[in-house]
Amino acid sequence: MAWYDNAVFYHIYPLGLCGCAHENDGQPTPGAFQKLNDWAAHAADIGCTAIYIGPLFESGSHGYDTIDYRRVDRRLGTNEEFKEFVANCHARGQHVIVDGVFNHVGRDFFAFQNLKTDRENARYKDWFCDVNFWGNNEYNDGFSYGNWGGFNLLVKLNQRNPEVQNYHFDTIRFWVDEFDIDGIRLDAADVLDFDFMRGLRRVANEVKPEFWLMGEVIHGDYARYIGDGQHLLHSVTNYELHKGLYSGHNDHNYFEIAHTIRREFDENGGIYKGKKLYSFVDNHDVDRLASKLNVKENMIPIYALLYFLPGIPSIYYGSEFGIEGRKEGGNDDPLRPALNLEELEKNPPAEKLPAWIKTLSDVRKKHPAARTGRYRELMLTNRQYAFARLDETDALITAVNNDENQSAGVWFPAPCDGTWKNAVTGEAISPENGKLFVEVPPCGCVLIEKEA
């Protein structure tokens, strides 16, 4: 089994976490990589076996307007410091993936500067999409061009240009040779050219065993990117499940979550059965989980679902402490704050959550079925939900309750023969007529393991 099939990710937005200047002034933020190393070590302490860190490379502002793909952003530090960061992660047994922002570049990227200077005669004119020398824009360039999301700050690259393709392929080779990274999260994968992604996959297969490609895909059919025979990506972001995880609790509606999982992963016909999607409850683009929930105590069952429903779980830095954060109009800064790890560890906003996440990691590590086993729904109501993850020798049951006012006595069929116990307390749970019974606390979870 590849490392990423068993991974728990920890997602760091470094420019925010380190409190870097919003506009790149060329000045390093004192102690940035020491801070990043401390947070990666903390991630290991709570059971995270992989770090997704990004964006990292030289940019003009928020990191996604890349200026230089071969240089770590000066606000964070140097290439040597990032190389040391990756080595430290590897020494802890953590893999490292970074943001690959290959769809667009910043306006200070060398090829776009050439376009501005030489216009129709520019050497790199064909590196960009929809260049129109009869147009103009808010920068008064005297021409217009394709962009991402309507933002001319983000200049759209022509991924069908062989030179652009080879430039990015060489970038991946450079990152592996220079930093020894283990994979790439492809920004805006839902607008990348498919032939270009096939080329990225060929390079990924060449540069390093089990080099992982994961794509940011918000809407649509994920099978287009990870389906059999596509030879594109290994995984994509599961935004469909992300939405259900919080709204299913706010609405006291576990049917929403269960329907999503049946559609995606049911052992009798799920459309992504056997595939691994990248699961999360929040990230650098969406409101923090604690800000989305009507009842914050429901973070306990939600994180259990993140860990034990099919998928590769990811925690966004700081959310394991229950911090809040909402977008302010189009401003993402509140989602990407500078944080003090020592203060959060002493006084977490949600006191039980960090220890609970560590427990979830321990249980997941202990049970292969929790990571790669088949999914089977065992019982479902609006407020209670139980399911099993199963393989030939192992089984783990997750039972959750989103009712904030009362505990729930839950009966469900034992998914296989064997003896059972509470995976956290060790208390024996005896079947009666082929069924198991547990009392699930308000906004709570009970994990039940099959004894060896």
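The values are calculated or read from the model by the stated rules, or taken from the named source; none is laboratory data. All of these numbers come straight from a predicted model, not from anything done at the bench. All Cβ positions, even for glycine, are placed from backbone atoms using ideal geometry, and neighbour counts span all protein chains on display. Ligands, DNA and RNA are excluded from the accessible area calculation, which covers all protein heavy atoms including side chains. Shrake-Rupley method; radii C 1.70, N 1.55, O 1.52, S 1.80 Å.
Yes/no matrix, rows are residues, columns are (1) over 25 Å from LEU293 (Cβ atoms); (2) touching a His at 6+ places or on another chain (Cβ under 8 Å):
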{"site": "THR372", "(1), (2)": "yes, no"}
{"site": "GLN384", "(1), (2)": "no, no"}
{"site": "LEU390", "(1), (2)": "yes, no"}
{"site": "ALA399", "(1), (2)": "no, no"}
{"site": "ASN402", "(1), (2)": "no, yes"}
{"site": "ALA414", "(1), (2)": "yes, no"}
{"site": "TRP420", "(1), (2)": "yes, no"}
{"site": "LYS435", "(1), (2)": "yes, no"}
{"site": "VAL446", "(1), (2)": "no, no"}
Residue count for segment 180-207, restricted to those that are surrounded by 15 or more Cβ atoms within 10 Å (Cβ to Cβ) and among the basic types (Lys, Arg): 2
Out of MET214, MET197, sole residue that is in a strand (DSSP E or B) and either at pLDDT 95 or above or not acidic (Asp, Glu) (or both): MET214
Residues of segment 87-127 classified as within 20 Å of the chain's Cα centre (by Cα) and part of a helix (DSSP H, G or I), total: 2
Pairs with Cβ under 6 Å, 6+ apart, first in segment 110-126 and over 17 Å from ARG160 (Cβ atoms), second β-branched (Val, Ile, Thr): PHE112/VAL155
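Results for (1) closer than 20 Å to ALA50 by Cβ; (2) buried (at least 20 other Cβ atoms within 10 Å of the Cβ); (3) among the polar types (S, T, N, Q), shown as yes or no for each residue.
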site	(1), (2), (3)
LEU306	yes, yes, no
ILE315	yes, yes, no
GLY325	no, yes, no
LEU335	no, yes, no
LYS358	yes, no, no
Some residue of segment 236-245 being in a loop (DSSP other than H, G, I, E, B), in contact with a Pro (Cβ under 8 Å, 6 or more places away or on another chain) and touching a residue at least 40 places away in the same chain (Cβ under 8 Å): no
TYR52 at pLDDT 95 or above, in contact with an Asp or Glu (Cβ under 9 Å, 6 or more places away or on another chain) and part of a loop (DSSP other than H, G, I, E, B): no
Filter result for ILE300 (open to solvent by 10 Å² or more (accessible area, probe 1.4 Å) and either at positive phi or at pLDDT below 95 (or both)): no
Count of residues meeting criterion [over 26 Å from PHE102 (Cα atoms) and either modelled with pLDDT under 95 or open to solvent by less than 10 Å² (accessible area, probe 1.4 Å) (or both)] in segment 13-41: 1
Any chance ASN140 is touching a strand residue (DSSP E or B) at 6+ places or on another chain (Cβ under 8 Å), open to solvent by 50 Å² or more (accessible area, probe 1.4 Å) and either in a loop (DSSP other than H, G, I, E, B) or on the phi > 0 side of the Ramachandran plot (or both): no
Long-range neighbours under 7 Å by Cβ, at least six apart or interchain, first residue under 16 Å from PRO349 (Cα atoms) within segment 321-334, second open to solvent by 70 Å² or more (accessible area, probe 1.4 Å) and in a helix (DSSP H, G or I): GLY322/LYS296
Counted residues, segment 340-356 - those being in contact with a Gly (Cβ under 7 Å, 6 or more places away or on another chain), part of a loop (DSSP other than H, G, I, E, B) and open to solvent by less than 80 Å² (accessible area, probe 1.4 Å): 2
Failed item in (1) aliphatic (A, V, I, L, M); (2) over 13 Å from the mean Cα position of the chain (by Cα); (3) open to solvent by 10 Å² or more (accessible area, probe 1.4 Å), with ALA290 passing the rest: (3)
Those residues of segment 59-76 which are without any contact (Cβ under 8 Å) to a residue 60 or more places away in the chain, open to solvent by less than 10 Å² (accessible area, probe 1.4 Å) and of a type outside the set (A, V, I, L, M, F, W, C), in sequence order: SER59, GLY63, THR66, ASP73
